[in-house]
Amino acid sequence: MAAKTLYDKIWELHEVRRDDDGTALLYIDRHLVHEVTSPQAFEGLEIAQRSLWRKRSILAVPDHNVPTTGLELGITDPVARLQVDTLNQNCDKYGLTEFKMGDVRQGIVHVIGPEQGATLPGMTVVCGDSHTSTHGAFAALAFGIGTSEVEHVMATQCLIQKKSKNMRVTVDGKVAEGITAKDIVLHIIGEIGTAGGTGCTIEFAGEAITNLSMEGRMTVCNMTIEAGARAGLIACDQTTLDYVRGRPFAPQGEAWEQAITCWADLHSDPDAVFDREVVIDAQDIAPQVTWGTSPEMVCAVHQRVPDPAQEPDPIKAGGMQNALDYMGLKANTPLDQVFVDKIFIGSCTNSRIEDLRAAASVVKGRKVADSVKLAMVVPGSGLIKQQAEDEGLDRIFIEAGFEWREPGCSMCLGMNADQLGSGERCASTSNRNFEGRQGQGGRTHLVSPAMAAAAAVKGHFTDVREL
Amino acid sequence: MEKFEKFTGIVAGIDRPNIDTDAIIPKQYLKSIKRSGFGVNLFDAWRYLDPGEPGQDHSRRRINPDFVLNKDPFKDAQILLARENFACGSSREHAVWALLDFGIKAVIAPSFADIFYNNSFKNGLLPIALGSELVDQLFSELESNEDCQLSIDLENQVVRNASGTEMAFEIEEFRKYCLLNGLDDIGLTMQHAETIKAFEQQYYEKLPWLR
Ligand code: SF4
């Protein structure tokens, strides 16, 4: 039997049929649904008078629009409220599982799926959201889909897909002390570029990856889409099983034993061939800070803002200059001299308990710098918030001058009131630094939770290891 | 979905790589629960000088006169020309809806983000990937010839310029067939309902904990 990659194995398990040209029907196990990309899909089903194929595959949650303060008031923005109400109505009507606002299990869709054990190894997981790649950390084939595809999965439990290419990014060796999953993935994107994985499913491998906790693995897979690949994967191992065991949606008892026997095969065969291989030396990775308007525009914190004049490719140089203009940065400025106005610790990239612990350990006994206008922590789910409070992390943040908020997407994309003003500069643990992402004219620098916390304390970027 | 017919239309160029979905349609407009009406907010932050909110009267906003889609004849553009990795970022299908609602029927770029590429076909928008040199050439033609028009012939998989030069493009047979015939994916998949049921049966026998 030919050696297979992890991607090959999961694909084969889910292929319902395939045409000669390779167009296949892929069976979907888990369908996560949120309020922004689903209303038009439900409407489409209704118009065509189609029913849902497998209601129990769906787990729904409002996250993008939910406010992170004053929950007792509900959503005050009428347009946002209509969207959340529409999700509630659709879920009630079809009898779908939904964690509504006010439920302690509510949170960011990519945080709650794994937290509930709704994401399991070997599954296919889809959601109308590009950061569905997060779930690949569980050796699940997980990718974002558009609204038409949301409707397609609801109606048929399948997607029309063509298999993508196999790519492997191996991070060899151990990372230095203080280097986090976020630094690893930003460094990878800096190396391969935002289109580096286009058309591929990327498997992350190597010692630095397997050493990561599930939280860290989710951070890496989360940002696969920023490298252009729809899906990222990490093999299933003991770390995976330890995380999944005992979660509400995970199999129990005999079913668990059956499942783990099957999951033992969820890794690439040793001699499997990849279409593309990239190898990165973990020792080369320093704390990362993005300086531009694309996640590939990233440097180590002790470096300087790059100079477009040094870029030989005129299109790239133009792109760099546009980015610097937008970001209000001068070429050659040392990154650790760049001051920030706001700090955002949250998003599906970095809002899990480990992230909050990392940030809290930096902040503990320190104060947010006076020059920082707002520093906020937005836990990824109600359960994480609760756990953090049980551990006293909320006190640490509040005493340092942070705001401790309710769970949701929040300032990651600023669909609710949490936004950057024009020209405001933010150290953010989210995943996109696009123009206007966190608010029109807002300037985003992507960093790890520890680096965001360090920036909060200093008022400017700094190497957290030297704090 | 409407059938994709051969057409000749005005080309507007945005000479930037990595144009992301936040630029194509900013998040505040994603709050809509409809599929239509996004055209006025296409490239909102570039098209207008003032920040926009959903539901506002867009005729009263401050237009950015320098942005290509605000200029004649590009206000009526049906084809968009851009650089590599067009529409990277989020899965929002609103990006496709906004382009279509504005009147764009085809986008030409050296490469596209995967999700956007997929979403386009579900809505009858044609993404055409041409080599970087050809895209370079089209950009320079645009510069020297203000009202540049192109003909898009999906059937024969060619883009034709005013002087008759043809540029061939690749497209998967299945996608082409669906576009040309205006076919809805769900209807096509439903034809395989029995196959899906048979698949499920053996699947859940094999993996009973997922049942
Ligand atoms: S946290 Fe940000 S990236 Fe993640 S799902 Fe929400 S909006 Fe998208």
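Things to note:
- Condition check for A:Glu35: surrounded by 15 or more Cβ atoms within 10 Å (Cβ to Cβ), in a helix (DSSP H, G or I) and not aromatic (Phe, Trp, Tyr): no
- Here A:Thr68, A:Thr124 are screened, and the one residue that is under 22 Å from A:Cys348 (Cβ atoms), in contact with a helix residue (DSSP H, G or I) (Cβ under 8 Å, 6 or more places away or on another chain) and away from the ligand (no atom under 14 Å from the Cβ) is A:Thr124.
- When residues of region A:129-170 are limited to those that are closer than 24 Å to B:Ile186 by Cβ, within 15 Å of the ligand (Cβ to nearest atom) and of a type in the set (Gly, Ala, Ser), the one farthest from the other protein chains (Cβ to nearest Cβ): A:Ala142
- Qualifying residues in region A:201-228 (those that are within 14 Å of chain B (Cβ to nearest Cβ) and in contact with a strand residue (DSSP E or B) (Cβ under 6 Å, 6 or more places away or on another chain)) - the one farthest from the ligand (Cβ to nearest atom): A:Thr201
- Residue check, A:Val104 surrounded by fewer than 18 Cβ atoms within 10 Å (Cβ to Cβ) and not basic (Lys, Arg): yes
- So A:Asp390, is it open to solvent by 10 Å² or more (accessible area, probe 1.4 Å), within 20 Å of A:Met451 (Cβ to Cβ), away from the ligand (no atom under 16 Å from the Cβ) and away from chain B (no Cβ under 14 Å): no
- Of all residues in region A:393-414, those that are in contact with an Asp or Glu (Cβ under 9 Å, 6 or more places away or on another chain) and within 16 Å of the ligand (Cβ to nearest atom) total 8.
- Unique match (being more than 11 Å from the chain's Cα centre (by Cα), within 27 Å of A:Ile315 (Cβ to Cβ) and away from chain A (no Cβ under 13 Å)) among B:Pro110, B:Pro73: B:Pro73
- In region A:425-436, the residues that are touching a strand residue (DSSP E or B) at 6+ places or on another chain (Cβ under 6 Å) and either within 11 Å of the ligand (Cβ to nearest atom) or in a loop (DSSP other than H, G, I, E, B) (or both): A:Ser428, A:Thr429, A:Asn433, A:Phe434
- Complete set of residues in region B:16-44 that are surrounded by fewer than 19 Cβ atoms within 10 Å (Cβ to Cβ) and in a helix (DSSP H, G or I): B:Gly39, B:Val40
- Residue selected from region A:48-95 under the condition under 15 Å from A:Gly128 (Cβ atoms) and polar (S, T, N, Q), by the criterion surrounded by the fewest Cβ atoms within 10 Å (Cβ to Cβ): A:Thr86
The values are calculated or read from the model by the stated rules, or taken from the named source; none is laboratory data. Since the structure is predicted, the reported quantities are computational estimates derived from the model, not experimental observations. As a convention, Cβ positions derive from the backbone with ideal geometry for all residues, glycine included, and neighbour counts pool all protein chains shown. Ligands, DNA and RNA are stripped out before the accessible areas are found, and what is left, the full protein with its side chains, is counted by its heavy atoms. Shrake-Rupley method; radii C 1.70, N 1.55, O 1.52, S 1.80 Å.
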